[in-house]
1. Rank VAL359, THR435, SER542 by how far each Cα sits towards the positive end of the charge dipole of the chain (+1 on Lys, Arg Cβ; -1 on Asp, Glu Cβ) and give me just the farthest.
2. Mind listing the long-range amide H neighbours of THR375? Cut-off is under 5 Å, sequence gap 5 or more, other chains count too, H placed in the peptide plane at 1.01 Å from N.
3. Take the Cα atoms of segment 235-330, find their three principal axes, and give me the spread along each one in whole Å, biggest first.
4. Give the aspartates and glutamates reachable from LYS71 as a straight Cα distance under 12 Å; neighbours fewer than 8 places away on the same chain don't count.
5. Once you compute Rg and the Kirkwood Rh from C-alpha atoms, what is the Rg to Rh ratio for segment 120-244?
6. So if I place +1 on the C-beta of Lys and Arg and -1 on the C-beta of Asp and Glu, and nothing else carries charge, what would the dipole magnitude of segment 407-470 be about its Cα centre? I want it in debye, nearest 20.
7. For the pair LYS507 and ARG243, what calculated FRET efficiency results from E = 1/(1 + (r/R0)^6), where r is the Cβ-Cβ distance and R0 = 41 Å, to the nearest 0.05?
8. Any idea what the dipole of the chain comes to, in debye rounded to 20, about its Cα centre with Lys/Arg Cβ at +1 and Asp/Glu Cβ at -1?
Amino acid sequence: MENKSSSNFLKSIIDEDLKSGKVDHIITRFPPEPNGYLHIGHAKSIVLNFELADEFKGKTHLRFDDTNPAKEDTEYVESIKEDVLWLGYEWDDLFFASDYFEEMYNRAVLLIKKGKAYACDSTVEEIRQMRGSLIEVGQSSPYRDRSVEENLALFERMRQGEFKDGQKVLRAKIDMSSPNINMRDPVLYRIAHLTHHNTGDKWCIYPMYGFAHPLEDAIEGVTHSICTLEFEDQRPLYEWVIRECEMENIPHQYEFARLNITNTVMSKRKLKQLVDNLLVDGWNDPRMPTISGLRRRGYTADAIRNFAREIGVAKADSVVDTKMLEYFIREDLKLKAPRTMAVLEPLKVVITNYPEDQVEMLDAENNSENPEMGTRQIPFSREVYIEQDDFTENPPAKYHRLFPGNEVRLKNAYFIKCNNIVKDKAGKVIELQCTYDPETKSGSGFTGRKVKGTIHWVEASQAVPAEFRLYEALILDEDMTDEASFLEHINPNSLEILHGFVEPNIKDSKPQDKFQFFRHGYFNVDSSNTPLGQLVFNRIVSLKSSFESK
């Protein structure tokens, strides 16, 4: 796969590190915690880490930061693997943080022996209060001055399961007056009597992220540990752990701005709330910003990669308009997706002067922007379906579609003129009776009168029933500045389901087949929860946007 990433500050750092001899090779890593499905923000990190390593002929590790058994599951492990591969990347090595638990324990013992860590009996709330604030220094734990021998014994007893959850923790002994709160004796280990997805019941103490992550990087020989800006304040702790644990390999941490998108929640924890509260149809709901949700909706790996490259790598957080992501899927599909006709809200039209038993086949281009996609044959007969909103009984000014006495072109077919209306008892229009002009066949060279409107249609006798799912933003608040209340901003109209018809030539479509439906947008055949034998189409994106790429 071609690396199309543009220049950024991380490239400059790596280039200088190689030229100066600081490193002689590059190893990056993508280290998700398997506590949920990946989202579009992770896609940015995946593209960045894999393509940086590829450009400099290095390696990229896929590592699962599985240090919290309370939230992790093999389901998430497998979904993450699938997403990375689907995006087009293959890791050089696969690791689990849990593979290093013994090594991490030994490094913690080393810290205790050096007087750099101690067992603490304080509760989580007490530790939080003693830590102080940005304007108040912290207070030392009453257990901070335990002897090395006592701390070693207590830590071993923690490992042997002699204490209950929360009864003790292991803390680093650094500086309770540090201006960086992360350096005020952070917790290194906590007790959790839980079964781990990878190690089973072997352990009942688990390392905290701030302790485990730098060790993992050092053990694996990672040279450039690239993470998002919220970890910038933790960099001093990252470096302290590597230095005090006397790691042979010395990785360096670099931060970049995380991806924020309008009308989108970018948090696995919050996305899990949507799933758990049954507000969506699972992690792969097409309204979700998860990679699996985007894939089910119909986004392509090419579109997501190009989007990630376009937004680039910055040092300051910003918000990207969701229209930018939509732009890239349009750009990717406009020359790839066959164009066909679908009627989402059908209204029957009877062409009274067309022979009753005749069906003729008409030629239609599969993609007018890509002639190499060829043509198809579509049936035409006395009865067709058009869109309900392509007809009105009382047209406003400059309305060029069908109304009583008006003439329009049926795309790829003939001019028809509306003569009569059939209504049900409630007064709803259920059928139009029209006449056609056989001289006006599309492609015949007819040069007579002109019509201003062209509408799409599907021939009735061979029309294939289909369900259409139309999606809008799941979150109504565009900037989500108050993410704590994001559930209050759920869009109750984020999904609309319609039932209509498609052309018979796509009746055998398979999941993930993509089409452009004339006037409606790009659609993808759904891959989940589809009744046997029924076609369900997810609208990926509408046809037009105001966004323009740089």
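The values are calculated or read from the model by the stated rules, or taken from the named source; none is laboratory data. In this text, all values refer to a predicted model and were calculated from it rather than measured experimentally. Cβ: placed from backbone, ideal geometry, glycine included. Neighbour counts: every protein chain shown. When the accessible area is computed, the model is the full protein with side chains, heavy atoms only, and any ligands, DNA or RNA have been set aside. Shrake-Rupley method; radii C 1.70, N 1.55, O 1.52, S 1.80 Å.
1. So the residue furthest toward the plus end is THR435.
2. ASN366
3. 48, 33, 22
4. In chain and number order, the partners are GLU33.
5. On the way: Rg = 15.4 Å, Rh = 15.8 Å.
Rg/Rh for segment 120-244 comes to 0.97.
6. Values: 11 positive and 7 negative charges, 56 e Å.
In debye, rounded to 20, segment 407-470 gives about 260.
7. 0.05
8. Working: 70 positive and 90 negative charges, 206 e Å.
About 980 debye.
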